[in-house]
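Every number here is computed from the coordinates shown, using simple stated rules; none is lab data. The structure displayed is predicted, hence computed values, not measured ones. Neighbour counts run over all protein chains shown; Cβ positions are idealised from the backbone, glycine included.
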Ligand code: DOR
Ligand code: ZN
């Protein structure tokens, strides 16, 4: 294993220093950090962050390897500055058994570009009828701690209660895709002015808010941990604020796209903007940004959702919901100006690592800490070219946009996965 001396780097925005990486850990920090034979990396002007951690990634393997594989998604993640991603369970077959989560976990290890932490399904086949084998997934080699039916809501309150009770035994967490399905039948975009004008069925904010309120109360009743996926409305923020003040064990994520884009994009009928939950209004975007700054929303998660061309480049009504996120997340979040480097480190690394229970991640570079980190150039810009992305899919809503901040290098357990802005493998 090589030794690296990163010179003149600013750790999370602090004064420039040197960083020695040896045997998978940060061996020394400071201007006297030296080692014979170390490979030097000139990092003047660069910022070192703890490697980013994504709580919400769709890697599509097994089942839709034409849209993404564990390897291509891992490469996209590394290029985005990530060192760990939580792989969602809505694969084919669904990750609802120890066998499937172990398969995904092994594929992640084989790719070796990020730590892939499988998420287990809450219910068998995501059907919302019977609890999956949560215990067997928790004790498997994959050591699953986050369970989610993402893509679907666990809408039966009795099942949700049982799931919350069950995971308490191993400090697990239920990550809910909050969508009351009876309120979103046939929904195509946010229910509001734009949906009315286009004459398309709307997805009302209350469908999200009602489930968050219900689940917060269930989590309180059971004394268990609840995580809310991709919060998208101002009303949801109010409920989260109330629940946190009350001491309920609830955390929440927001996606980069919900921090930037609004439902007016649907006017183009370009399905690249179709996503679930849908893009909302300026008021919602403002509330989400404020909540992230304040900590009412705990983390940014990508909801990276690659889709094959035939599932995305078709009529709006037939297109699958979802957009790419891993390679653009840091730039989009930075572009909103909501967070400084410390805020970015917290909301995109430290806190998600803690929620997921990923011990070696989310730690600022310091002596003895596993060398999972990313180096970013705050003064660089880049233009998003869908064909130039590492993801196997092309459905980015940011095509052609020039974005701030470039990931220059990423280290996973002391080994570079990205150097000079390019994937090492
Ligand atoms: O837009 C979405 N896409 N939302 C989800 O909840 C699921 C995801 C997917 O799997 O494509
Ligand atoms: Zn979801």
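Data table
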{"read-out": "Stokes-Einstein translational diffusion, the range 166-320 - Kirkwood Rh over all Cα pairs, 1.567 mPa s, 4 °C, in µm²/s", "value": "81 µm²/s"}
{"read-out": "Rg over Rh [alpha-carbon atoms, Kirkwood Rh] for the range 1-127", "value": "1.12"}
{"read-out": "Full-stretch length increase - residue 217, residue 32 - with 0.36 nm per residue and alpha-carbon distance subtracted", "value": "61.3 nm"}
{"read-out": "Quotient of C-alpha Rg and 2.2 N^0.38 Å, computed over the chain", "value": "0.94"}
{"read-out": "Cα-based Rg of the range 100-156 normalised by 2.2 N^0.38 Å, two decimals", "value": "1.17"}
{"read-out": "Rel. contact order, % - alpha carbon contacts under 8 angstrom, at least six apart, the range 229-280", "value": "42 percent"}
{"read-out": "Estimated inter-spin distance, residue 42 and residue 65, nm [label 7 Å along Cα→Cβ]", "value": "4.3 nm"}
{"read-out": "Simple label model, 7 Å out from Cα along Cβ direction - residue 366 to residue 156, nm", "value": "4.6 nm"}
{"read-out": "Computed label-point distance, nm, for sites residue 314 and residue 180 using a 7 Å Cα→Cβ extension", "value": "3.1 nm"}
{"read-out": "Dimensionless Rg/Rh of the range 303-391 - Kirkwood Rh, Rg from C-alpha atoms", "value": "1.05"}
{"read-out": "Contact order normalised by residue count of the range 1-122, Cα under 8 Å, 6+ apart, percent", "value": "20 percent"}
{"read-out": "Full-extension gain in nm, residue 270 to residue 193, via 0.36 nm per residue minus C-alpha separation", "value": "25.9 nm"}
{"read-out": "Relative contact order of the chain, defined on C-alpha pairs under 8 angstrom at six or more residues apart (%)", "value": "20 percent"}
